[in-house]
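Asker: Submitted below is the structure of interest, expressed as structure tokens.
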Amino acid sequence: MLKEARIRNFAALPNDHYRFCGGLNVIVGENGLGKSQLLKVLYAVLKVHADAKEFTKGSLEKAYAAKLTGVLRPDKLGRLVKRKQGNAPCEIALTLAEGEKSCAFSFSPGSSVSVQVDAAPTANKHRPAVFIPTRELVTLCPWFVPLYDNYHLRFEEAWRDTVSLLGNPPVKGEKEQRVAKMLEPLEKAIGGRMEIDNASGEIYVQIPGEGRMEMPLLAEGLRKLAMLGRLISTGTLLDKGYLFWDEPESNLNPKLIKTIAASIVAVADAGVQVFIATHSLFLLRELEMLLATKTYARLPHRWLALAAQDNGVAVEQSDRMEDIQTLVLLDEELAQSDRFMELEESP
Amino acid sequence: MIQIQEGQLTFVFSDSVMACKYDDWSFYRNQFQNGCYRDNKAMDLLCHSGSVAWMIEIKDYRCHHRTKAVDLADEIAIKVRDTLAGLAAAKTQANDRDEKLFAKKMLGATRLRVVCHIEQPAKSSRLRPQVIEPDKLKDRLRRELKAIDPHPIVMDKKNTAVAVPWQVR
């Protein structure tokens, strides 16, 4: 479990200690304050650990640099250093509950292919990390992986990583029952069962009475549900690991946001440490209600808000939503409500 | 000055207006509620002010069970419809002379206004400062009552910006 990230001079993010809980971590904030960057930097580091075959400083120096560059797509690594800080290096340190899996490294504005590792994890067997971007990726399965691996493409590497996971076979054995339970609401919303064509590796939906439907024919929002469903059915998001999801609500109507909120909480409750960034008050309210139910009464949750201030961006964080002062999405909703109410009050 | 108590709320009407509790009318209780088909509903208060007839529904969720938000606009729309039907009948059929006169005044107005006075439930959260969102309710009411009042008012006692001929304490 990721307990804390100490981040200094990284892109738009405020220098701070970001503390997380083992369950659901929700990040809010206006556009451009660094929500996605926070998800991506955490994902990049944990994905390096999950995929690493060795944990020597030498191998990690290059692996961190390559992954950060691949996931965040700067022209070169050093561009990720906060630009207002002169030549001060960017420092990133992740503290995990299993202390031997923690790490710390830094890089300077001139860095391109390596970072300086100050503390490397000493343990292996790191948990898998998954990043879901704002758009669906199921229609990219499986052709995107060889395309990305064989050509210089400026797509974010997290897309490639996640597409490669979508093509995995479904789990079998004792886990199948749990998978079926978690898939049920998603498949109900989609209107059929997801299956993978063994010959082509493409994902289809088997719709009762209609047969197989190609993924590109499915609505964009439903494809996002299918993407989550595949990651659950392959066991990637079943009971361990990390899920980073940028704007789960994008392309979804409120009815589907309700479904996705329930699945996010169920995934977190099953043992996956979940991090989401959102602009949706509807999603936040759904999560708040789910977390207040008896089913999820013990699920840890934490709220982080990136807030624009006169001297830059600050982070507010707490286990209680009531402690978060800056909720621009709520303020704007209320202001809109006021404007509407005032519109015709004095006809 | 007419004062009408409704639960914990006191409605104080200007001197120039007439106001009453419609759901206390003997016509409504004894003649109309189940004497025109059945189970007719009633708005809480009526007010006649100049050329405007006001129909007021009061929802004090601080002390009463909350109607589901999705049903609230429907409930009010039905009450408005039934109350107008009741007033049309009371104008000629009410046994109580004052009620008959009040109905005549209301139906002589050139404008009908619908008001939902709502006091929010005590339960709220950081994400939901108002459990019943007044703009959403107003939007639903506007759609459901466009033939009667295309500009229904949703207000609470803190809202002093709305031009109505009464105050609420």
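The values are calculated or read from the model by the stated rules, or taken from the named source; none is laboratory data. Since the structure is predicted, the reported quantities are computational estimates derived from the model, not experimental observations. Note that we place each Cβ from the backbone using ideal geometry, even for glycine, and neighbour counts take in every protein chain shown.
Condition check ((1) surrounded by fewer than 20 Cβ atoms within 10 Å (Cβ to Cβ); (2) outside any loop (DSSP other than H, G, I, E, B)) across all residues:
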{"site": "A:Glu100", "(1), (2)": "yes, yes"}
{"site": "A:Ala104", "(1), (2)": "yes, yes"}
{"site": "A:Ser112", "(1), (2)": "yes, no"}
{"site": "A:Asp118", "(1), (2)": "yes, yes"}
{"site": "A:Lys125", "(1), (2)": "yes, no"}
{"site": "A:Val130", "(1), (2)": "no, yes"}
{"site": "A:Thr139", "(1), (2)": "no, yes"}
{"site": "A:Pro142", "(1), (2)": "yes, no"}
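Asker: For residues that are of a type in the set (Asp, Glu) and farther than 30 Å from A:His279 by Cβ, scanning just the stretch B:121-169, find the one that is modelled with the highest pLDDT.
Answerer: To start, the set of residues in the stretch B:121-169 that are of a type in the set (Asp, Glu) comprises B:133, B:135, B:139, B:144, B:149, B:156.
Retained after the next criterion (residues that are farther than 30 Å from A:His279 by Cβ): B:144, B:149.
Working: B:Glu144: 91, B:Asp149: 95.
Checked the stretch B:121-169; the qualifying residue modelled with the highest pLDDT is B:Asp149.
Asker: Please go through (1) without any contact (Cβ under 8 Å) to a residue 60 or more places away in the chain; (2) under 15 Å from B:Ala109 (Cβ atoms) for B:Val52 and return the number of the only condition it doesn't satisfy.
Answerer: Unmet for B:Val52, out of (1) without any contact (Cβ under 8 Å) to a residue 60 or more places away in the chain; (2) under 15 Å from B:Ala109 (Cβ atoms): (1).
Asker: Still on this structure: Suppose we filter the stretch A:182-216 for residues that are part of a helix (DSSP H, G or I), hydrophobic (A, V, I, L, M, F, W, C) and more than 25 Å from A:Asp246 (Cβ to Cβ); how many remain?
Answerer: Qualifying residue count, the stretch A:182-216: 0.
Asker: Could you check A:Ala305 against (1) buried (at least 18 other Cβ atoms within 10 Å of the Cβ); (2) among the small types (Gly, Ala, Ser); (3) more than 14 Å from chain B (Cβ to nearest Cβ) and say which number it fails?
Answerer: Here A:Ala305 clears every test but (3).
Asker: Follow-up question, since we're still on this one. Quick one: in the stretch B:71-106, which of the residues that are in a helix (DSSP H, G or I) and among the small types (Gly, Ala, Ser) is surrounded by the most Cβ atoms within 10 Å (Cβ to Cβ)?
Answerer: B:Gly86
Asker: Filter the strands (runs of 3 or more DSSP E) completely within the stretch B:1-70 down to those with at least 3 residues that are crowded, with 22+ Cβ neighbours inside 10 Å, of a type in the set (A, V, I, L, M, F, W, C) and modelled with pLDDT of 95 or more.
Answerer: Numbers: elements: B:2-6, B:9-13, B:18-21, B:45-49, B:52-60.
Passing ranges, in order: B:45-49, B:52-60.
Asker: Let me ask another. Could you grab me the full set of residues in the stretch B:120-169 that are under 17 Å from the mean Cα position of the chain (by Cα), within 11 Å of chain A (Cβ to nearest Cβ) and of a type in the set (A, V, I, L, M, F, W, C)?
Answerer: B:Leu137, B:Ile153, B:Val154, B:Met155, B:Val162, B:Ala163, B:Val164
Each row is one residue, and each column tells you yes or no for (1) without any contact (Cβ under 8 Å) to a residue 40 or more places away in the chain; (2) over 21 Å from the mean Cα position of the chain (by Cα); (3) more than 18 Å from A:Leu38 (Cβ to Cβ).
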residue: A:Leu80; (1), (2), (3): no, no, no
residue: A:Gly86; (1), (2), (3): yes, yes, yes
residue: A:Thr95; (1), (2), (3): no, no, no
residue: A:Glu100; (1), (2), (3): yes, yes, yes
residue: A:Ser112; (1), (2), (3): no, yes, yes
residue: A:Val117; (1), (2), (3): no, yes, yes
residue: A:Glu136; (1), (2), (3): no, no, yes
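Asker: Spot the failing condition for A:Ala270; the list is (1) modelled with pLDDT of 95 or more; (2) away from chain B (no Cβ under 14 Å); (3) in contact with an Asp or Glu (Cβ under 6 Å, 6 or more places away or on another chain), and only one is missed.
Answerer: Status for A:Ala270: all satisfied but (1).
Asker: So, A:Leu284, is that one aliphatic (A, V, I, L, M), within 14 Å of chain B (Cβ to nearest Cβ) and under 30 Å from A:Glu174 (Cα atoms) or not?
Answerer: Against the criterion (aliphatic (A, V, I, L, M), within 14 Å of chain B (Cβ to nearest Cβ) and under 30 Å from A:Glu174 (Cα atoms)), A:Leu284 does not qualify.
This table checks each residue for (1) more than 14 Å from every other protein chain (Cβ to nearest Cβ); (2) touching a strand residue (DSSP E or B) at 6+ places or on another chain (Cβ under 8 Å); (3) under 22 Å from A:Phe20 (Cβ atoms).
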| residue | (1), (2), (3) |
| --- | --- |
| A:Trp245 | yes, yes, yes |
| A:Thr259 | yes, no, no |
| A:Ala262 | yes, no, yes |
| A:Lys294 | yes, no, no |
| A:Ser337 | no, no, no |
